[in-house]
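Only one structure is covered here, and it is reproduced in the block below.
The values are calculated or read from the model by the stated rules, or taken from the named source; none is laboratory data. Just so it is clear, the structure is predicted and the values come from calculations on it, not from any experiment. Counting neighbours? That spans all protein chains shown, and the Cβs are built from the backbone with ideal geometry, glycine included. The protein model used for the area step is the full one, side chains on, heavy atoms only, and it has no ligands, DNA or RNA in it. Shrake-Rupley method; radii C 1.70, N 1.55, O 1.52, S 1.80 Å.
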Amino acid sequence: MAKGLGGWVVMVLLMGVLESASGLGVNWGTISINPLPPGYVVKLLQANGIKKVKLFDADFDVLRSLAGTDIEVMVAAPNDMLSRLAYTDGAADDWVKENVTAYNFQGGVNIRWVAVGNEPFLTGYNGSYLNSTLPALRNIVNALQKAGQADTVKAIIPFNADILDGAALPSQTRFKVEYLDQILPMLQIFNNTNAPFSVNLYPFISKYQNPDFPLDFAFFMGTTSPVNDPPNVYNNALDASLDALIAALRAAGYPNMPVLLGEIGWPTDGNEFATVALAGQYNQQLINHLQSNVGTPLRPGVFTEFYMFGLLDENIKSILPGPYERHWGMFFYDGVAKYDLNLAGVPLHSSVSVILPLSNFHLQFRISVIAK
Ligand SMILES: *[C@@H]1O[C@H](CO)[C@@H](O)[C@H](O)[C@H]1NC(C)=O
Ligand SMILES: *[C@@H]1O[C@H](CO)[C@@H](O)[C@H](O)[C@H]1NC(C)=O
Ligand SMILES: *[C@@H]1O[C@H](CO)[C@@H](O)[C@H](O)[C@H]1NC(C)=O
Ligand SMILES: *[C@@H]1O[C@H](CO)[C@@H](O)[C@H](O)[C@H]1NC(C)=O
């Protein structure tokens with residue numbers, strides 16, 4: 001944590017072209033001791049021109065801090081709520097009323113997405129959420145419709161790559177057979193509601209789990225180990241993973257379903273490949289690649305909406321997945337930038353670091369209260 005003359009100091013990257021960061025979102029997780037005041041985090045987002053934020057719940061203090069901004073927000077129902085949303089009458093209606101509709105007023109919160117669960121089919125959960133996720137999605141979708149929110153607010157499920165069968169080539173990849181009973185009706189719901197299929201992808205974890213995984217294939221600067229999947233050649237893991245999902249969607253009958261990349265990033269500690277230098281390079285190359293609109297071999301020229309993971313380090317997150325788990329932030333948990341990053345994906349705009357006293361924002365934002 002940085003300590004300055006007057007207590008905490010926080011650095012914000014001020015970009016030359018703030019508006020150009022549109023399209024890029026960030027995940028705002030809050031599993032920290034002394035999390036930054038939400039009003040301050042909102043200033044951090046605004047100072048960096050970030051227009052989309054993905055949350056992991058629907059915290060009132062966080063949401064009221066986002067009120068009156070034009071930031072697009074994804075609220076979420078956590079996994080431990082899925083069962084209630086699925087099986088308790090009226091629970092999804094109440095959830096939508098309290099966590100979506102209540103913020104829909106002039107000067108309210110620009111909620112665009114509801115995430116139903118978070119990676120609910122992760123293998124490590126042993127199928128705990130396998131049965132409840134689909135009915136929870138269905139109930140949330142119905143609740144959004146009843147509340148008259150369905151045109152502007154879409155329900156999605158942030159899956160992780162565990163839903164795919166891990167075929168050797170992108171074009172051969174399918175959804176895991178054991179999930180089809182759940183996933184096919186979900187696809188129908190997404191298609192009916194014009195919602196995208198959302199997935200979190202982590203080339204870093206491929207490298208972490210398999211030290212032979214070529215680092216240059218995880219990155220975006222060309223590779224000595226391309227994947228040949230005639231007629232396509234893959235030079236980076238992200239495009240290969242996106243096309244693996246797109247091939248699975250095609251095979252399931254949804255060749256045009258949009259994909260939303262819910263989490264992507266690189267950590268800065270906890271593993272020999274988790275360094276500030278590599279994370280800064282990875283994230284910059286990633287942003288440049290995705291914002292270039294080059295698309296993937298199966299979807300050339302198609303922009304994939306993406307959310308960086310994450311905005312801030314989370315210093316009391318479980319390290320069960322690995323010792324890197326608390327170090328995904330582009331900013332340390334106290335809001336200090338870890339590396340220079342041009343979020344707009346436009347080269348040659350140097351970023352300027354400024355020092356801002358935390359208390360100013362804190363005070364400024366104590367007064368913003370929303371009527372519920
Ligand atoms: C709304 O979201 C909050 C925060 O995630 C949760 O605690 C609360 O139970 C939700 N409200 C309803 C009515 O489910
Ligand atoms: C899943 O099963 C493994 C092995 O049986 C167990 O160690 C783990 O705690 C279980 N996880 C959950 C979330 O139930
Ligand atoms: C899900 O449903 C299947 C089939 O009905 C059942 O065997 C399984 O125990 C259920 N799993 C959970 C976690 O409830
Ligand atoms: C998906 O939606 C499109 C457009 O609404 C429709 O034409 C198509 O038939 C749907 N696909 C499936 C498999 O239901």
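Looking at region 154-165, is at least one residue within 16 Å of ligand 1 (Cβ to nearest atom), under 22 Å from Glu263 (Cα atoms) and either surrounded by 15 or more Cβ atoms within 10 Å (Cβ to Cβ) or touching a residue at least 24 places away in the same chain (Cβ under 8 Å) (or both)?
Of the residues in region 154-165, the ones within 16 Å of ligand 1 (Cβ to nearest atom) are 155, 158.
From what is left, the residues that are under 22 Å from Glu263 (Cα atoms) are 155, 158.
Those still in the list that are either surrounded by 15 or more Cβ atoms within 10 Å (Cβ to Cβ) or touching a residue at least 24 places away in the same chain (Cβ under 8 Å) (or both) too: 155, 158.
Yes, there is a match, as at least one residue in region 154-165 is within 16 Å of ligand 1 (Cβ to nearest atom), under 22 Å from Glu263 (Cα atoms) and either surrounded by 15 or more Cβ atoms within 10 Å (Cβ to Cβ) or touching a residue at least 24 places away in the same chain (Cβ under 8 Å) (or both).
Take the residues in region 255-272 that are more than 16 Å from ligand 4 (Cβ to nearest atom) and in a loop (DSSP other than H, G, I, E, B), then tell me which one is most open to solvent (accessible area, probe 1.4 Å).
So the residue we want is Glu272.
Applying the selection to region 273-296, what residues are among the β-branched types (Val, Ile, Thr) and either surrounded by fewer than 21 Cβ atoms within 10 Å (Cβ to Cβ) or not in a helix (DSSP H, G or I) (or both)? Please lay out each step first, then the result.
Kept after step one, since they are among the β-branched types (Val, Ile, Thr), are these residues of region 273-296: 275-276, 287, 294, 296.
Answer for region 273-296, where residues must be among the β-branched types (Val, Ile, Thr) and either surrounded by fewer than 21 Cβ atoms within 10 Å (Cβ to Cβ) or not in a helix (DSSP H, G or I) (or both): Thr275, Val276, Val294, Thr296.
Residue by residue, here is whether (1) open to solvent by 30 Å² or more (accessible area, probe 1.4 Å); (2) more than 16 Å from ligand 2 (Cβ to nearest atom); (3) at pLDDT 95 or above holds:
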{"site": "Gln182", "(1), (2), (3)": "yes, yes, yes"}
{"site": "Met186", "(1), (2), (3)": "no, yes, yes"}
{"site": "Phe190", "(1), (2), (3)": "no, yes, yes"}
{"site": "Asn194", "(1), (2), (3)": "yes, yes, yes"}
{"site": "Asn200", "(1), (2), (3)": "no, yes, yes"}
{"site": "Gln209", "(1), (2), (3)": "yes, yes, no"}
{"site": "Gly222", "(1), (2), (3)": "yes, yes, no"}
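Looking at region 297-321, which of the residues that are assigned to a strand (DSSP E or B) and open to solvent by less than 70 Å² (accessible area, probe 1.4 Å) is farthest from Glu263 (Cα to Cα)? Steps first, answer last, please.
First, pick out the residues of region 297-321 that are assigned to a strand (DSSP E or B): 300, 305-308, 312.
Those still in the list that are open to solvent by less than 70 Å² (accessible area, probe 1.4 Å) too: 305-308, 312.
Working: Glu305: 10, Phe306: 7, Tyr307: 5, Met308: 6, Leu312: 13 Å.
In this case the residue turns out to be Leu312.
How many of the residues making up region 87-118 are more than 16 Å from ligand 3 (Cβ to nearest atom) and part of a loop (DSSP other than H, G, I, E, B)? Show your work before the answer.
Residues of region 87-118 more than 16 Å from ligand 3 (Cβ to nearest atom): 89-116, 118.
Pick out the ones that are also part of a loop (DSSP other than H, G, I, E, B) and you get 89-90, 100, 104-109, 118.
Residues flagged as more than 16 Å from ligand 3 (Cβ to nearest atom) and part of a loop (DSSP other than H, G, I, E, B) within region 87-118 amount to 10.
Determine whether region 168-190 contains at least one residue that is within 16 Å of ligand 3 (Cβ to nearest atom), free of Cβ contacts under 8 Å to residues at least 40 places away in the same chain and in contact with a helix residue (DSSP H, G or I) (Cβ under 8 Å, 6 or more places away or on another chain).
Yes, region 168-190 contains a residue that is within 16 Å of ligand 3 (Cβ to nearest atom), free of Cβ contacts under 8 Å to residues at least 40 places away in the same chain and in contact with a helix residue (DSSP H, G or I) (Cβ under 8 Å, 6 or more places away or on another chain).
Do we have Ala77 as in contact with a strand residue (DSSP E or B) (Cβ under 9 Å, 6 or more places away or on another chain), away from ligand 3 (no atom under 16 Å from the Cβ), over 23 Å from Asn27 (Cβ atoms) and of a type in the set (Gly, Ala, Ser) here? Let's see the steps before the verdict.
Details: in contact with a strand residue (DSSP E or B) (Cβ under 9 Å, 6 or more places away or on another chain): yes; away from ligand 3 (no atom under 16 Å from the Cβ): yes; over 23 Å from Asn27 (Cβ atoms): no; of a type in the set (Gly, Ala, Ser): yes.
So Ala77 does not fit the description; no.
Pick from Asn142, Asn131, Asn118, Asn126: which is under 18 Å from the mean Cα position of the chain (by Cα) and either open to solvent by 40 Å² or more (accessible area, probe 1.4 Å) or touching a residue at least 60 places away in the same chain (Cβ under 8 Å) (or both)? Step through it out loud before you land on a result.
On the way: Asn142 fails: under 18 Å from the mean Cα position of the chain (by Cα); Asn131 fails: under 18 Å from the mean Cα position of the chain (by Cα); Asn126 fails: under 18 Å from the mean Cα position of the chain (by Cα).
The unique qualifying residue is Asn118.
Which is closer than 13 Å to Ala77 by Cβ and either out of contact with any Ser or Thr (no Cβ under 9 Å at 6 or more places or on another chain) or surrounded by fewer than 16 Cβ atoms within 10 Å (Cβ to Cβ) (or both), of Val177, Val100? Full working, then the answer.
Values: Val177 fails: closer than 13 Å to Ala77 by Cβ.
Just one listed residue meets the conditions, Val100.
The rows are residues; the columns are (1) within 16 Å of Gln149 (Cβ to Cβ); (2) touching a Cys at 6+ places or on another chain (Cβ under 9 Å); (3) modelled with pLDDT under 95; (4) within 16 Å of ligand 2 (Cβ to nearest atom).
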site	(1), (2), (3), (4)
Lys52	no, no, no, no
Ala58	yes, no, no, no
Leu63	yes, no, no, no
Gly68	no, no, no, no
Glu72	yes, no, no, no
Pro78	no, no, no, yes
Leu82	no, no, no, yes
Thr88	no, no, no, no
Asp94	yes, no, no, no
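Being assigned to a helix (DSSP H, G or I) and either closer than 14 Å to Ala168 by Cα or over 25 Å from the mean Cα position of the chain (by Cα) (or both) is the filter here; which residues of region 207-238 pass it? Don't jump to the end; show me each part of the working.
Step one: of region 207-238, the residues assigned to a helix (DSSP H, G or I) are 207-209, 215-218, 237-238.
Within region 207-238, just Ala237 meets the criteria.
Within 16 Å of ligand 3 (Cβ to nearest atom) and at negative phi - does that describe any residue in region 61-73?
Taking region 61-73 and keeping what is within 16 Å of ligand 3 (Cβ to nearest atom), we get none.
Among the residues of region 61-73, not one is within 16 Å of ligand 3 (Cβ to nearest atom) and at negative phi, which makes the answer no.
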